[in-house]
Amino acid sequence: MTLVLAVGFAVVGVAGAASAHHNTINGSVVCKTGGGWAVTWTVENSETRTESITASNRPGVVPVGTQLTSRQTRPFTETVTTKPTSPLTLTLSARWTNGSTNTSSGSIPVAKFEDGCKVTTVQPPTIPVVDDCGPGNAHYGQVPSGPWTSVTNPDGSVTVTANPGNQFTGGQTSVTYPAPTDSNEACPTPPVVTPPVVTPPVVTPPVVTPPEVLPAEARVVSARARTIDKCGTRGDVYKVIKRSGVVYTSKGKVLRQGVWLKAGAKRVTVRAHAADASYRLQGKQVWKMTFRTRPCANAPEVAPSTGAR
């Protein structure tokens with residue numbers, strides 16, 4: 001009977017010594033600037049011996065191999081972007097230099113994660129690509145408005161950065177769109193305009209020359225041109241209205257009719273000509289266009305519709 005009690009006390013003694021080795025784990029949470037929650041864990045070594053972490057359920061926060069010296073308390077931080085649906089827990093297994101081991105845990109209740117700290121996930125914008133005919137002129141158009149800012153990089157790429165409190169799909173806070181690839185589509189060859197040939201009338205004396213009469217089949221047409229003067233210079237365009245019997249030129253080159261053309265300069269002069277002798281122009285025939293270079297205003301930051309109800 002005495003031997004049995006002695007053995008019993010010995011087992012209890014070993015168990016008591018082992019259970020004394022532990023970590024006290026506490027967690028706190030506050031709203032993080034820009035959205036989400038900032039979590040701070042404090043881990044306190046109960047012993048005057050150094051311990052090493054041998055297992056961690058959150059290795060990105062407390063890596064395996066982390067050491068705590070005698071009675072040391074160490075803080076560890078992490079950022080949470082999605083509100084937990086169950087208590088957030090940190091569980092650590094440790095071994096002390098005397099061979100003792102222990103597994104300890106600490107938790108933060110879901111109620112501590114305030115709803116006002118949420119991060120809104122939005123889809124990155126779709127940026128239009130402008131690629132006029134001719135080589136090497138492809139570029140991005142205006143970035144749609146939303147909870148983000150954008151910048152065009154020197155290589156033609158565009159970087160879009162989410163505003164505080166927002167993130168893109170996958171948790172990204174910024175997305176870079178590579179420079180667009182130019183199609184190198186050639187511009188159409190302008191038609192060759194042959195000036196009308198005028199044959200002088202033959203006068204045979206003593207026949208009296210009758211008064212000049214315009215050919216009955218000559219048609220009267222009018223020419224028109226329009227401009228769009230946007231902010232900056234990249235969006236400045238003009239268009240000559242498509243008309244049968246009219247040829248438009250600028251700097252001696254024939255212009256395409258019925259499509260918007262890039263200005264490419266602060267001042268553009270357009271002239272209209274009759275296509276041949278069967279047409280006669282009426283009204284304005286020269287347009288001197290001037291485009292302003294006022295800067296563009298920043299787009300309003302309005303969250304795009306996600307389709308959610």
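Which lysines have a Cα lying under 30 Å from the Cα of LYS112, excluding residues fewer than 8 positions away in the same chain?
LYS32, LYS83
Place the peptides 179-192, 115-128 in order of packing, highest mean first, counting for every residue the other Cβ atoms within 10 Å and averaging per peptide. Intermediate results must be reported in sequence, preceding the final value.
Numbers: 179-192: 11.4, 115-128: 13.9.
Going from most to least packed, we get 115-128, 179-192.
What translational diffusion coefficient, in µm²/s and rounded to a whole number, does the Stokes-Einstein relation yield for segment 21-117 at 4 °C and a viscosity of 1.567 mPa s, taking the hydrodynamic radius as the Kirkwood radius over Cα pairs?
93 µm²/s
Extending each Cα 7 Å along its Cβ direction at ALA38 and LYS266, get the distance between those two points in nm, one decimal.
Computed distance between label sites ALA38 and LYS266 equals 5.1 nm.
Please report LEU255, LEU92, LEU68 as a ranked list, fewest other C-beta atoms within 10 angstrom at the top and most at the bottom. Please report the intermediate quantities before stating the final value.
Working: LEU255 19, LEU92 27, LEU68 22.
Ascending Cβ contact count within 10 Å gives the list LEU255, LEU68, LEU92.
What is the fewest-to-most order of GLU44, GLU114 by other Cβ atoms lying within 10 Å of their Cβ?
GLU114, GLU44
Could you tally the net charge around GLN142, taking each other residue with its Cβ under 11 Å from the Cβ of GLN142, Lys/Arg +1 and Asp/Glu -1?
That sum, taken over residues with Cβ under 11 Å, equals +2.
Hey, which aspartates and glutamates would be in cross-link range of LYS253, C-alpha to C-alpha under 16 Å, not counting anything within fewer than 8 residues on its own chain?
none
Taking the Cα atoms of segment 84-205, what is the range of coordinates along each of the three principal axes, in descending order and whole Å?
134, 35, 21
Sort all Cα-Cα distances of segment 120-177 into consecutive 10 angstrom bins from zero, then give the percent of pairs in each bin up to the one containing the longest distance.
Pairs per bin, as whole percents: 23, 47, 22, 7, 0.
Values in this text are rule-based calculations from the coordinates and carry no lab data. In this text, all values refer to a predicted model and were calculated from it rather than measured experimentally. As a convention, Cβ positions derive from the backbone with ideal geometry for all residues, glycine included, and neighbour counts pool all protein chains shown.
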